[in-house]
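Q: I'd like to ask some things about the structure below.
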Amino acid sequence: MNAVTPTGNGRLRAERVTLAHGGGGKAMRDLIEDVFTSVFEPDGLEDQARLSHEMLAVEGARLAFTTDSFVVQPLEFPGGDIGKIAVCGTVNDLTVGGAQPLWLSAAFIIEEGTEVALLRRVAAAMRRAADEAGVRIVTGDTKVVERGAADTLFVTTSGVGVIPAGRELAAEKVRAGDVALVNGVLGDHGAAILAARGDMAFEADIRSDCRPLNHLMEAVIEAAPGVRCARDATRGGLASALNEISQASAIGIEIDEARLPMRAEVKGVCELLGLDPLYLANEGALVLFVPEEQAEAALAAMRSTEAGRDAAIIGRAAEMRSPRVVMHSLFGGSRIVDMLVGEQLPRIC
């Protein structure tokens, strides 16, 4: 594949998107080909992508399919933008189910008046993230709406991957005694978005953790083939991910506050604003459960990757009369960690 550049093929002269760019004529064609397909390099410009892969020929292999929409505000933030988060979010949704991501689609709802330069930066970021994950953006769509009908840009991505034969990750497989691991520091994305919005009177040097996790996950599965399940700790943070697993498996989960990897800056932002960091969104963090005898191998595999260098064992699954998530605090006590109620930070992804 060619190196990514945000300049396109030079056919589009407009500096801002007009309704004509969604009208089906030459202006729309110029927008699509100059801004998007010149960067994504799909195989042709048909109304669909035609897909084949050797993994699909293996008996027992299954397709995995997911879709997600992205409305993050601001569109660009330290560590990423709406394009990068769209690719990484969809790749990671496939990854935590045990799939190897292969192909993505991307659809764009663009508000009239949006800067073409912004679209170029978003498309370039998507291509870089796709290259990092080893996936291709193979099809897509654009729509242009009137001023005020959207907030600059919304992106929807769908992803297709292949689950290898014999691989079965599911939350209901978690058993008492299984060990919980995270691949890195928590809360960076939520804190970075808060700081980037500028609504609060504080500054923080925090970057989003937005990144694809499929290479890390494959390394873990190779080292610890007994992996029970995984969840990416996006909206609702680690707390919501753990509650989902606890409910699905009917098993309690105990975590140790002292073991949670978290930056001092993130803790400081949460203390200042009265937020619980366990509920802050992440875009490059996952939690997974493995049998106790494979925990150290899984931890070492995580730490061997860039996305897992700050990985940690944070707790374990445990029999409880009423399955729930419990955190043992730094001060020797414990508290129940409930599922998030309401919305801590809207439009976080």
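The values are calculated or read from the model by the stated rules, or taken from the named source; none is laboratory data. Keep in mind that what you see is a predicted model, and the values were worked out from it rather than measured. When we count neighbours, we look across all protein chains shown, and the Cβ atoms used for this are built from the backbone with ideal geometry, even at glycine. SASA here: full protein model, heavy atoms, side chains in, ligands and nucleic acids out. Shrake-Rupley method; radii C 1.70, N 1.55, O 1.52, S 1.80 Å.
Q: Taking only segment 101-121 into account, find how many residues are outside any loop (DSSP other than H, G, I, E, B), open to solvent by 30 Å² or more (accessible area, probe 1.4 Å) and closer than 16 Å to Leu12 by Cα.
A: Number of matching residues: 4.
Q: Search segment 159-190 for residues being closer than 29 Å to Leu63 by Cβ, charged (D, E, K, R) and not in a loop (DSSP other than H, G, I, E, B), and hand back the single one that is least open to solvent (accessible area, probe 1.4 Å).
A: Lys173
Q: Right, next: How many residues are assigned to a strand (DSSP E or B) and either under 12 Å from Thr157 (Cβ atoms) or in contact with a strand residue (DSSP E or B) (Cβ under 8 Å, 6 or more places away or on another chain) (or both) if we restrict to segment 64-94?
A: Initial filter on segment 64-94 (assigned to a strand (DSSP E or B)): 64-70, 76-77, 80-81.
Okay, now just the ones that are also either under 12 Å from Thr157 (Cβ atoms) or in contact with a strand residue (DSSP E or B) (Cβ under 8 Å, 6 or more places away or on another chain) (or both), so 64-70.
Selection size over segment 64-94: 7.
Q: For segment 103-114, what are the residues that are touching a Lys or Arg at 6+ places or on another chain (Cβ under 6 Å) and farther than 12 Å from Phe40 by Cβ?
A: Scanning segment 103-114 gives Ile109, Glu112, Gly113.
Q: Then there is this: When you scan segment 191-227, how many residues do you find that are of a type in the set (Gly, Ala, Ser), in a helix (DSSP H, G or I) and closer than 30 Å to Ile163 by Cβ?
A: Step one: of segment 191-227, the residues of a type in the set (Gly, Ala, Ser) are 191-192, 195-196, 198, 201, 204, 208, 219, 223-224, 226.
Checking which are in a helix (DSSP H, G or I) leaves us with 191-192, 195-196, 219, 223.
Keeping just the survivors that are closer than 30 Å to Ile163 by Cβ gives 219, 223.
Selection size over segment 191-227: 2.
Q: Restricting segment 296-325 to residues that are among the β-branched types (Val, Ile, Thr) and touching a strand residue (DSSP E or B) at 6+ places or on another chain (Cβ under 7 Å), which is most open to solvent (accessible area, probe 1.4 Å)?
A: The initial filter retains those residues of segment 296-325 that are among the β-branched types (Val, Ile, Thr), namely 305, 313-314, 325.
Among the residues that remain, those that are also touching a strand residue (DSSP E or B) at 6+ places or on another chain (Cβ under 7 Å) are: 313-314, 325.
On the way: Ile313: 34, Ile314: 0, Val325: 0 Å².
Residue satisfying both the conditions and the ranking: Ile313.
Q: Restricting attention to segment 23-54, and to residues there that are acidic (Asp, Glu) and closer than 12 Å to Ile137 by Cα, which single residue is modelled with the highest pLDDT?
A: The initial filter retains those residues of segment 23-54 that are acidic (Asp, Glu), namely 30, 33-34, 41, 43, 46-47, 54.
Now restrict to residues that are closer than 12 Å to Ile137 by Cα: 41, 43.
Numbers: Glu41: 95, Asp43: 89.
Within segment 23-54, the match that is modelled with the highest pLDDT is Glu41.
Q: A further question on this structure: Given the structure, is Ala27 outside any helix (DSSP H, G or I) and either more than 30 Å from Ala230 (Cβ to Cβ) or not assigned by the TED database to the domain that holds Gly134 (or both)? Spell out the reasoning first.
A: Details: outside any helix (DSSP H, G or I): no; either more than 30 Å from Ala230 (Cβ to Cβ) or not assigned by the TED database to the domain that holds Gly134 (or both): yes.
The answer is no for Ala27.
Q: Here's a follow-up. Scan segment 191-227 for residues that are open to solvent by 30 Å² or more (accessible area, probe 1.4 Å) and modelled with pLDDT of 95 or more and jot them down.
A: To start, the set of residues in segment 191-227 that are open to solvent by 30 Å² or more (accessible area, probe 1.4 Å) comprises 196-205, 207, 211, 215, 218, 222-223, 225.
Selection gives Arg207, Arg211, His215, Glu218, Glu222, Ala223, Pro225.
Q: Which one is least open to solvent (accessible area, probe 1.4 Å), of the residues in segment 38-55 that are part of a helix (DSSP H, G or I) and either closer than 16 Å to Ile109 by Cα or in contact with a strand residue (DSSP E or B) (Cβ under 7 Å, 6 or more places away or on another chain) (or both)? Steps first, please.
A: First pass over segment 38-55, keeping only residues part of a helix (DSSP H, G or I): 38-40, 54-55.
Add one more test, that the residue is either closer than 16 Å to Ile109 by Cα or in contact with a strand residue (DSSP E or B) (Cβ under 7 Å, 6 or more places away or on another chain) (or both), and what stays is 40, 55.
Numbers: Phe40: 18, Met55: 40 Å².
Residue satisfying both the conditions and the ranking: Phe40.
Q: I'm trying to understand the selection: among the residues of segment 228-247, which are open to solvent by 10 Å² or more (accessible area, probe 1.4 Å) and either closer than 16 Å to Val290 by Cα or of a type in the set (D, E, K, R) (or both)?
A: Arg228, Arg231, Asp232, Arg235, Glu244
Q: While we're looking at this one, here's another question. Would you mind stating whether Val58 is surrounded by fewer than 17 Cβ atoms within 10 Å (Cβ to Cβ), β-branched (Val, Ile, Thr) and over 15 Å from the mean Cα position of the chain (by Cα)?
A: Values: surrounded by fewer than 17 Cβ atoms within 10 Å (Cβ to Cβ): yes; β-branched (Val, Ile, Thr): yes; over 15 Å from the mean Cα position of the chain (by Cα): yes.
Yes: the conditions hold for Val58.
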